[in-house]
Amino acid sequence: MPSRTAAITLLAALPLGFAPAQTPDDLPDGAWGSTCAAPESVYCIASATITPAGGAAQPVDAAGLAVSAATLSDDYGDWVRWSVENWADKPAAVTGGTVELVLRTGTFVPRFTNATAAGLRVTRTVADGKYELTIRGRATPTAWRADTDCTAGYSCGDSDTTADTTAYRFEGRTQDLEGSPGFYTTGLDGAYLATDAQARSDLLTYDTGGTPPVSLGVLGNPQLDAGGEAVRNFVTLFLPGPYLAAAGTSAAAAASTGFDLVTSGDATVHQRVTATADDGGVRLEAPDVGLGADLATAAFYPRAPQAGNVTAPGAPQSVQGAGGTGTAVVFWQPPSTSGGSAVTRYRARAYATPSGGAVVGSCETAESWCTIDGLDAGGTYHVAVSAVNNLGEGDPASRVAVIATAVPQPEPSPSDSPSPTPAPPGEPEPGTPALPSPGPTGEAHPPYAPQDVEATPGARRIAVAWVVPDSDGGSPITGYTARAFPAATGGAPVASCQAPAGRYTCVLTGLTGGRTLFVEVTATSAAGTGPASARVAATPWTVPGAPRSVTAKSSDRKVTAGWKAPASNGGSAITGYRAEVSGKSGVVARCTAPAAGRTCTIKKLKKGTTLTLRVLAVNSAGVSAPSKAVKIKVKD
């Protein structure tokens, strides 16, 4: 496992000890010039062009777009906010075109840029102490879905960038970092970050001796596709040469050993990352960091150098897939080459298309099979499997098509069926779950009901396990189906999952937390589907209730929050608490406490500021609704 000490981690945290930037005295308060009228003009837009896909460069206004730049101030200093807008209803050649925006920033040093843009590249030049910033990239589609309480990040937006329906965006903010600790202005001089997982860009936090040494404030906006389904987010992070030098490495060395991206605080779940030596630094590109709101943390880990000719493993072989209800069960054989280091894990990813496209589901395992849950019942998916060793992840095998079968219809109720014929003496009465064994003719019958069904609740899911039936009815069992019902008897299923023969578990997903469901399992063979097991009850976890009796005290530029535990933990033990203070621009800082904690302190706030404090509880199902708001003025 890569070293955590060397992590470059993306966390929900704000810069600590960050002082307001000492920006130039003549920096405009508001809009910059829409054009640079003379060669010596500063704080203006020198040029703004777009090269449509397959076309030639032209001014953005010729393509019906608009460009703007302005000074934006918040509690942590001054930024230059820049944007190219009016993407609605533009042809694909324009929305897929390459934008080049050149800003003259005068003596304002454009050190760090955070943007919502695809393929971002940021460079600068300086002459006679005056800077020119060049920003290149493409617009990226966004469809941020606001949280009810904004706790997953700045997903509720603000006056700068508001979360809304699907739109294309090419926008960002650039900081000069002046007034921050000296190692900020050297180590992050030239750094930039682009992602579609933020409704508002934020500043990196940099702690040369910390773990992690670099973090950013927010990742956590669910992206929705045209059908309203969550899709994956991307992150591009450029670390300049001075940062790498301070970390004791070089661009070439860091790129050659590579990086892994670890999400959700689980060091065993990795994503593919491309590391490229570029412009004297390293450009890290992660195309699918995770579904926004599920992304509590994400960390880029530099891989350890490997001795000899060790490489990533080859592609797994003989990949096969079997569809379940809303699931894909994938099987494979080991790759022909391990790359010189033992294969430790496999990763299977499902796509909606035979090539390209976003990841719509995945699973990871050390076994030779795994199940991808959360797929649309009846949908066709294309699954790729890759192998992982200590050096990293190898190329995936060719994708195989898997159909996630449709939700089975409920069996007719007894009232809809013909009246049963009385059973001959010595045979079971109608309605009993046991079925007769094959008769003298050798005719097979559906299998008996599965035994000893267990339903274990989880976060919006139920894991179902069972024991094989007492009899297969004379024909081998081909699979099992578990269904969840809203009542102990009758009704239509609200969810189902399937397992192949030889597997005795599956997971019901997409359930409503806090609602009790009743689960039954059936077995199927070539002779048909047998009777259902007795139903067992389980209640999927939900988020906790809101913390109660919240208090706030302030002194020494600190706010200390206090609270009582929620009335309900949602069915799963509370794992911690989060207190947040918000200003006019949204959440400005937060602190956390363990499950047993009832206070935490937010430090280094701006004195005299009136803030709003809320406290939230966290369990395995997610984050609670916020507590009642408490106003507090930051005191000396």
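Points worth noting:
- Low-density loop positions, GluC sites (Glu not before Pro), the stretch 323-402 - DSSP coil, at most 13 other Cβ in 10 Å: 367
- For the stretch 459-503, trypsin sites (Lys or Arg not before Pro) are listed when DSSP marks them as loop and at most 10 other Cβ atoms sit within 10 Å of their Cβ; the list is empty.
- Counted charge near residue 571, where neighbours are those whose Cβ lies closer than 14 Å (Asp, Glu -1; Lys, Arg +1): +3
- Each of 613, 591, 634 was scored by the projection of its Cα onto the charge dipole of the stretch 563-636, and the greatest displacement toward the positive side belongs to 634; charges sit on the C-beta of Lys, Arg, Asp and Glu.
- Zero-based 5 Å bins, Cα pair distances in the stretch 458-588, whole percents: 2, 9, 15, 14, 12, 10, 8, 6, 6, 6, 5, 3, 2, 1, 0, 0
Throughout, read-outs are computed from the coordinates displayed, never taken from laboratory work. Note that the coordinates shown come from a computational prediction; the quantities given were computed from them, not determined experimentally. With ideal geometry, Cβ positions are generated from the backbone for all residues, glycine too; neighbour counts draw on all protein chains shown.
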